[in-house]
Structures are given as structure tokens and as C-alpha cells.
């Protein structure tokens, strides 16, 4: 295994690894599902990335690397659109335990993906996934970013306000952002960033996020330019 404590993930290696795992673990090309937890990503029935690193005595990667691993997987269109299905479990993990204590919810979300992918059932299985972001001028003269999601029917926050978003200008200095849900999109702004060009959500090893769709599935982390 390559040491990743000071390295950036390779976007090409990640899908190749998962594709190889799918061919190894399953027959008849039925595919596999995987979940994204608060501190890493795990295959169904396998150890999390961070757990594997700990067992090998390898220093854990910094939070941004774990987030980038997740982003590499979720950001590969052909990967998301075909066999593997991402089950996001950011809302049920534990900051002190790489294995989510709520196994029932993890299994339920992975099963939804399998029912859709393998058995062709018409069930809601996907979390809100980033589609695109565009700049909008606000009445105060500052700009905001409107973030659009797929699988975002009934987009809502579990709480009084949306949490987990950050934006940055050309200097790439991120600040916590105010977020307002409008249909299948979220308008992101911050008084600290007059002209935002970058946005990210849940970009940490143990993020505080509360954006869900009407089916109760949490939005997937991402980082993206305008």
C-alpha cells in the first residue's frame, strides 16, 4: 500500500482499485456498493481506509486527503453512473470510531443501492450529488455561488440552518458560508468573500453537515470551482 500521509490521492488509481475489487469479490458482474463515513470510505463488509492504515502502522492522512479520496470517487461520472453506488453515512459516524456504531442505517442505505443496481427496483437510493456551481450577484453588491445537485428532490436541512458549506475567493482562503436552500439548489455566500470562486461541503475528516433530500439521504461531500 502506498503511504498517503503526505501524498495526494491519484484520481486514476482509485476507480481502478475499486473496479478490481468488484471483479475479485463478486461474480457475474453484479457490482458492489460502498459507503462514505465521517473518517474515510469503506467497502461493504470490509475495513475502512483509516482502519486499514492504522492496522499497518501507517500515519493517517490529513483530513483534506480523506476528503479528496471521497471527492475522487464521487467526481468520476462514469463511475457514479454505472455499477458502484455511493452510500453516504456522514450523519451516523463517530469521530472516535472508524466503524459506524449504527450498522442498521449503513446496511439499509447500501441495500437501497443494491436493490436499484442489481435487482432493478425503482427505489430512491442516491444522496444529493454536486452537479455544478454558478456565480450570482447579490443586492449588496457581493457575489454568491448557487450550487446545483442531482438527486435533490425535497432538499432540506436537518436543523434550523444549513451547515457544512465553505467558500473561497481566488486566494483559496476558505470561510464558513451562509447557505439558503432554493429548490434543488443552495445559494452560498459569506461577508468575508466578496467574489467567491470555490465552494466545498463536508470537507473535513469529521464534518458537521445536515443537508438531506426528501428520502432522508445526506448530501455527499465535494469541493468544486465556480
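The values are calculated or read from the model by the stated rules, or taken from the named source; none is laboratory data. Here the structure is a predicted model, which means the values were calculated and not measured. Glycine gets a Cβ as well: all are built from the backbone with ideal geometry, and neighbour counts include every protein chain shown.
I'm told residue 214 meets every condition in (1) crowded, with 20+ Cβ neighbours inside 10 Å; (2) at pLDDT 95 or above; (3) under 24 Å from residue 91 (Cβ atoms) except one. Can you identify the failing condition by its number?
With respect to (1) crowded, with 20+ Cβ neighbours inside 10 Å; (2) at pLDDT 95 or above; (3) under 24 Å from residue 91 (Cβ atoms), residue 214 is out only on (1).
Output the residue which, of all residues in segment 176-226 that are in a strand (DSSP E or B) and more than 19 Å from the chain's Cα centre (by Cα), is farthest from residue 100 (Cα to Cα).
Taking the candidates together, the pick is 193.
Just wondering, is there one or more residues in segment 170-180 that are under 19 Å from residue 215 (Cα atoms) and out of contact with any helix residue (DSSP H, G or I) (no Cβ under 9 Å at 6 or more places or on another chain)?
No; the residues of segment 170-180 include none that is under 19 Å from residue 215 (Cα atoms) and out of contact with any helix residue (DSSP H, G or I) (no Cβ under 9 Å at 6 or more places or on another chain).
When you look at residue 150, is it free of Cβ contacts under 8 Å to residues at least 40 places away in the same chain, outside the structural domain of residue 96 (by TED's automatic domain parsing) and loosely packed, with under 14 Cβ neighbours inside 10 Å, yes or no?
So residue 150 fails the test.
Hey, among the residues in segment 94-126 that are more than 19 Å from residue 215 (Cα to Cα) and in contact (Cβ under 8 Å) with a residue 40 or more places away in the chain, which one's farthest from the chain's Cα centre (by Cα)? Step through it out loud before you land on a result.
Pass one, segment 94-126, residues more than 19 Å from residue 215 (Cα to Cα): 94-101, 118-119.
Adding the requirement that they be in contact (Cβ under 8 Å) with a residue 40 or more places away in the chain leaves 94-95, 98-100, 118.
Working: 94: 16, 95: 16, 98: 16, 99: 17, 100: 16, 118: 22 Å.
Across segment 94-126, the extreme among qualifying residues is 118.
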